[in-house]
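The numbers here are math on the coordinates, done by the rules we state, and not lab data. Keep in mind that what you see is a predicted model, and the values were worked out from it rather than measured. Heads up, the Cβs are rebuilt from the backbone with ideal geometry, glycines too, and the neighbour counts pull from every protein chain shown.
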Amino acid sequence: MNTVAAVQMISSPSVADNIATARRLIAQAADRGAALVLLPEYWAIMGLADTDKVAQAEPPGAGPIQDFMAAMAREHGVWLIGGTLPLRSGEAGKVLNTTLVYNPRGEHAGRYDKIHLFGFTKGTESYDESRTIVPGSHVGVVDTALGRVGLSVCYDLRFPELYRAMGPCALIVVPAAFTYTTGQAHWEVLLRARAIENQCYVLAAAQGGTHPNGRRTWGHSMLIDPWGGIKAVHAEGEAVVHGDLDPLFIDSVRASLPALKHRTM
């Protein structure tokens, strides 16, 4: 079995402060034996305005945020999945909301640009990621020492066809910054559904608390097994959620209920 960990944060507008927090929590995860560590969406910056992240956008392969992630993966000898960071998109005023994967040698091993952009309006609460983000266009998977890992981000969770396109995975990761409103209603049920229908583990790393910009995120980072059971969860506040992946359990679920083989479309 392999131990995996999800880092929960309450990110701020300060990249330096967020890096310091991530450094501490990644070290905690590694100390608990994690072979793979997942950071939340927007871990490096949660600006006072949506446009703040544009100024912090890095070109692929260079910049302090990427250098930090590579160094942490190498220092702790872990697979590090870097939540999301802003990468330059080539379109003025907009970024790519990108997940980068680093292997235990600190080498870049995978990338996924968030495809589905969140839009929500209810009363005084309103979000529209398309104002500052360019959507990605490619499914993201990476082969690791723990098995195949499917990459998704936050709002992607509502689109099950994305996960089918990944093919069979041992683990699906979901870095997120779900709002308190939508998270309270849908977060757990969607995560459990993705685990059950894909018969794999799901590791979700969330933002969890009230941020300096006034936004409140739902938190509840968790690890879910292929039968839909919640193995570990933390409600709000900074935390490291960890648990084990058991490949024999994946095999037993798929053998006893071969739903993936029964698909007809």
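Assorted remarks:
- Protection proxy ranking of 245-252, 112-119 - average other beta-carbon atoms within 10 Å, highest first: 112-119, 245-252
- Sites count as exposed loop sites when they are GluC sites (Glu not before Pro), lie in a DSSP loop, and have at most 13 other Cβ atoms within 10 angstrom; the longest stretch of the chain without one is 108-265.
- Using alpha-carbon coordinates, inclination of helix 247-256 to the longest axis of the chain, degrees: 60 degrees
- Expected 222 nm ellipticity per residue - DSSP helices of 4 or more, -39500 (n - 2.57), all of the chain, to 500: -7000 deg cm²/dmol
- Highest to lowest packing among 50-61, 254-265, 1-12, scored as the average C-beta count within 10 Å: 1-12, 50-61, 254-265
- Rounded to the nearest 20 debye, the dipole magnitude of the chain is 360 debye, with +1 charges on Lys and Arg beta carbons, -1 on Asp and Glu beta carbons, and the Cα centre as origin.
- Backbone geometry of the stretch 27-36 corresponds, through the Karplus equation with coefficients 6.51, -1.76 and 1.60 at θ = phi - 60°, to 3J(HN,Hα) couplings of 4, 4, 4, 5, 4, 8, x, 5, 8, 9 Hz, x marking Gly and Pro.
- Dipole axis of the stretch 2-262 (+1 Lys, Arg; -1 Asp, Glu on Cβ), positive-most option in His211, Ala34, Gly47: Ala34
- Within the shell defined by Cβ-Cβ distances under 14 Å, the residues around Leu257 carry a net charge of 0, with Lys and Arg each +1 and Asp and Glu each -1.
- 3J(HN,Hα) couplings calculated from phi for the stretch 108-114 with the Karplus curve 6.51 cos²θ - 1.76 cosθ + 1.60 (θ = phi - 60°) are, in sequence order, 5, 10, x, 8, 9, 9, 3 Hz; Gly and Pro show x.
- 0 to 90° range, to nearest 10: angle between helix 64-76 axis and the chain longest Cα axis: 40 degrees
- Among (i) 27, 21, 18; (ii) 24, 23, 19; (iii) 121, 16, 14, the entry that matches semi-axes √(5λ) of the Cα gyration tensor in Å as calculated here: (i)
- For the stretch 8-16, 3J(HN,Hα) per residue [Karplus equation, 6.51 cos²θ - 1.76 cosθ + 1.60, θ = phi - 60°, Hz, x = Gly/Pro]: 9, 10, 10, 5, 10, x, 8, 4, 4
- Set of lysines near Lys261 by C-alpha distance (under 27 Å), chain-local residues within fewer than 8 positions excluded: Lys231
- Eligible lysines near Lys94 by straight Cα distance, threshold 27 Å, same-chain separation 8 or greater: Lys53, Lys114, Lys122
- For the stretch 59-177, the alpha carbon convex hull comes to 111 Å³ per residue, rounded to a whole number.
- For the chain, the residue among Ile196, Phe178, Gly77 whose Cα projects farthest onto the positive side of the dipole built from Cβ charges is Ile196.
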